[in-house]
């Protein structure tokens, strides 16, 4: 895969970005940390496989945006392809896969994203994991394989070659082996139980015959009990019917009593209504007088209301004229007040101007003193400008010294807090150990229950199979009964001449014998059906019990995974607590060391030295802030003279103007004061007001008399409603009196009917007392009937169990051979999976693959070293070496390097030679992994490959990359080292601004 064009929109830190790989062979992606260099690689992996360092799909969308989009064009095996992947915030992603077709693209997108991703993987011939282990050299991982100990290098190869799936196969094989081992043990136990069961047959047959005899006697006694119980039940039903009749009579009496009480209440209410109407009719004369007085008072109130309206209109006009007259007077008072205020102000200003002119000589002397004070202040200002920078630096250094002291004190506090936390965790060790012991015991109990659960499952399966066989046998017997019934019907329908079954001669004696044989056979089949029904019921009950037991075991075993996880966590906590001892000792030593530094003042030596130098320079400047303040105060003391000088000139100009304005204001104030004293204003308003007063006096309206008439009208108004009530009462009285007579008659009829029902109740109560109560006898006989039935059920259960057990023993005899074959098959399966677990283990197929891969890896590494080291180095991988006792070989993975001085282990090399070996082996692993996936390694990406190297190491890596550059179509190196920009053919500069990361390609 060779990238050609990459476009980003709102992806991670990029708002918009476009990168053209055309013309790039070896390129450096450079920029400061956090600029967005690695985000370019994240964009490549996300658009190709939908994976990145983001925790969720929405995290790839740039903050503030709603949709992220990455567009990549690349060439693979000479063919042009294009992938567009988008993510809409909080919604689904979309994926578009296209192939170059002439001047445009043709879609290869399938129906689902998963199918489209599979098509992309088929074209690339690698997935995400293969890519990051082959084409992508991650930061700090270039020498991961070589720096490991020989025993750990195989584990690195297992991870890089993705051999972990064989570990999964090994675990699955072990689970199958464990399953068949349990199966073997269960089959052995089942065979042993079968042999013991077969030995019980003779005892069970004798027991079955004895139970059948007892059952026949119990059936006869049960028939007698049922007859007695029927007799007493008939008596109880008769007594119950009589009681029900008495209950119905009681209900009628109760209902009639309730109705009688309701009728009495209605009678009293109707009597009160008639009485109220009679009282109202007796007041007819008094109501007529009250209505006449109301009409007289209403006429008087209407006349007074007309006079009240006229009086109100005149009063409103009078109030308006008085208001306008007050406004005219108030306006002249305001004019007089304003003119007086203006005159007082001018007189005050004239006095102030005259006083200012008297101090002219004193102001001139003050100006001279102000000039001398300002000259002294300028000298102090110059020394202040020299002093302040030195003083600011001194204050900053004092803050830095105090900060250094605070940092050391804070380190003590942090370590003391860590020490307390570690001591608290050490104190919880006993609790964790006790909890770990309890959890381990619980897990052991659940493991035993899991084995028992498997046995319960097998037992339930066996019971269900047995139940199915019983039902089949039951169906067969029912068919035999139907056939037997058909034969019996034929015997009853035919004459005596021939047998309906065989056609032979049949006389009466032979016909009777056939009927007796059929009846006997019918009885035997009925007994077998009864027994089968009981056996099926028993089998169903056993299956239900086993199913409940199995469900209970499942509920108990649900906690096993969480307990295993808790056990692992507790084991890790105990290991961590054990490691706290060393940390506690180290923290105590560090606290004591830092405390000693603080006591001696052994910190910030350079800052304290600079502080002393600044104090000497400040002393040479000779600046005193108090003297400076006194000089500033002297200038402020004489600044009044400068202000007074301007006031003196202004007072001379103002005095001439005031002398011309004051006489005119004095004349205006005199005129206004005279008008107010003599009331010489608004004469027309005064005349209108006098006319209104004359009209009010002529009207003669009395408000109190009007209110008295209104009160009397209100008091007599109720006679109107009383008159209306009188008319209604005159109309209702005949009807209400008739209703009262009917209510009295109904109440008397109900009282007579209630007395009759009460007499009938007394007669029936005496008759019920004469009847005997058979309830006690029924209870006794029911108890005996239940006891008899229970004993029959027990006997039937025992009979069915015995018969069922005999049938089971017969089946067990036939199943023993099958179980023996199953045991042999389970033993073979156990051995097979045991062999598979060894084959899939670390010493099996994994070791074989690694041994097959190592020659290829060795050859590729030496081919690269021939160019990196001018054929001066040769690598050899050794997988076995002699143990110390020289009697056996042990597995290892040593790296031996041959040079001009001989062959030595890799661990003895350092510097440039070791670096070239590291680079060659890692690159050979990348090519090997790519070839195993079927892809050609055309692009190489190195992320921060220079970050942990010194200057010489960086130069070696650049030389190594240039040595193998011809083997790749594109090499991208990500780094934040500024001085390495010119070491590559092209560079991609990444910068970050407020609009996001920005790209710039420099060729």
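The values are calculated or read from the model by the stated rules, or taken from the named source; none is laboratory data. Small disclaimer: the values here were computed from a predicted structure and weren't measured. As a convention, Cβ positions derive from the backbone with ideal geometry for all residues, glycine included, and neighbour counts pool all protein chains shown.
When you go through 313, 344 one by one, which is the residue that is modelled with pLDDT of 75 or more and closer than 22 Å to residue 685 by Cα?
Result of the check over 313, 344: 313.
For region 58-67, does any single residue satisfy the condition of being touching a strand residue (DSSP E or B) at 6+ places or on another chain (Cβ under 7 Å), at pLDDT 85 or above and within 22 Å of residue 968 (Cβ to Cβ)?
No.
Listed here are the residues, each with its yes/no results for (1) within 47 Å of the chain's Cα centre (by Cα); (2) surrounded by 15 or more Cβ atoms within 10 Å (Cβ to Cβ); (3) farther than 14 Å from residue 573 by Cβ.
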| site | (1), (2), (3) |
| --- | --- |
| 385 | no, no, yes |
| 396 | no, no, yes |
| 403 | yes, no, yes |
| 412 | yes, yes, yes |
| 438 | yes, no, yes |
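Which of (1) surrounded by 15 or more Cβ atoms within 10 Å (Cβ to Cβ); (2) more than 60 Å from the chain's Cα centre (by Cα) does residue 184 not meet, given it meets every other one?
Just one mismatch for residue 184, condition (2).
Does residue 58 satisfy the condition of being surrounded by fewer than 22 Cβ atoms within 10 Å (Cβ to Cβ) and in a strand (DSSP E or B)?
No; evaluated as a whole, the condition is false for this residue.
Residue 255 passes all but one of (1) in contact with a helix residue (DSSP H, G or I) (Cβ under 7 Å, 6 or more places away or on another chain); (2) over 30 Å from residue 699 (Cα atoms); which number fails?
(1)
Determine if region 35-53 includes at least one residue that is more than 18 Å from residue 988 (Cα to Cα) and modelled with pLDDT under 80.
Yes, that holds for at least one residue.
Would it be correct to say that residue 332 is surrounded by 13 or more Cβ atoms within 10 Å (Cβ to Cβ), in a helix (DSSP H, G or I) and assigned by TED's automatic domain parsing to the domain that holds residue 658?
So residue 332 passes the test.
Is it the case that residue 720 is surrounded by 11 or more Cβ atoms within 10 Å (Cβ to Cβ), modelled with pLDDT under 80 and either over 30 Å from residue 223 (Cβ atoms) or touching a strand residue (DSSP E or B) at 6+ places or on another chain (Cβ under 8 Å) (or both)?
Yes: the conditions hold for residue 720.
Working carefully through the options 585, 573, 617, 569, find the one that is more than 30 Å from residue 394 (Cβ to Cβ) and in contact with a helix residue (DSSP H, G or I) (Cβ under 6 Å, 6 or more places away or on another chain).
It is 573.
For region 864-883, which positions are part of a strand (DSSP E or B), modelled with pLDDT of 75 or more and over 57 Å from the mean Cα position of the chain (by Cα)?
Answer for region 864-883, where residues must be part of a strand (DSSP E or B), modelled with pLDDT of 75 or more and over 57 Å from the mean Cα position of the chain (by Cα): just 874.
Please count how many residues of region 607-626 are in contact (Cβ under 8 Å) with a residue 60 or more places away in the chain and either under 60 Å from the mean Cα position of the chain (by Cα) or not in a helix (DSSP H, G or I) (or both).
Residues that pass the stated criteria total 6.
Sort out which residues of region 893-907 are surrounded by 12 or more Cβ atoms within 10 Å (Cβ to Cβ), in a strand (DSSP E or B) and at pLDDT below 75, and write them in order of number.
Selection gives 893, 899.
Restricting attention to region 68-90, which residues are exposed (fewer than 12 other Cβ atoms within 10 Å of the Cβ) and under 36 Å from the mean Cα position of the chain (by Cα)?
90
Examine region 97-111 for a residue that is in contact with a helix residue (DSSP H, G or I) (Cβ under 7 Å, 6 or more places away or on another chain) and part of a strand (DSSP E or B), and state whether such a residue exists.
Scanning region 97-111, I find at least one residue that is in contact with a helix residue (DSSP H, G or I) (Cβ under 7 Å, 6 or more places away or on another chain) and part of a strand (DSSP E or B), so the answer is yes.
A quick yes/no check of all residues on (1) within 30 Å of residue 538 (Cα to Cα); (2) touching a helix residue (DSSP H, G or I) at 6+ places or on another chain (Cβ under 6 Å); (3) surrounded by 13 or more Cβ atoms within 10 Å (Cβ to Cβ):
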| position | (1), (2), (3) |
| --- | --- |
| 392 | no, no, no |
| 425 | no, yes, yes |
| 474 | yes, yes, yes |
| 481 | yes, yes, yes |
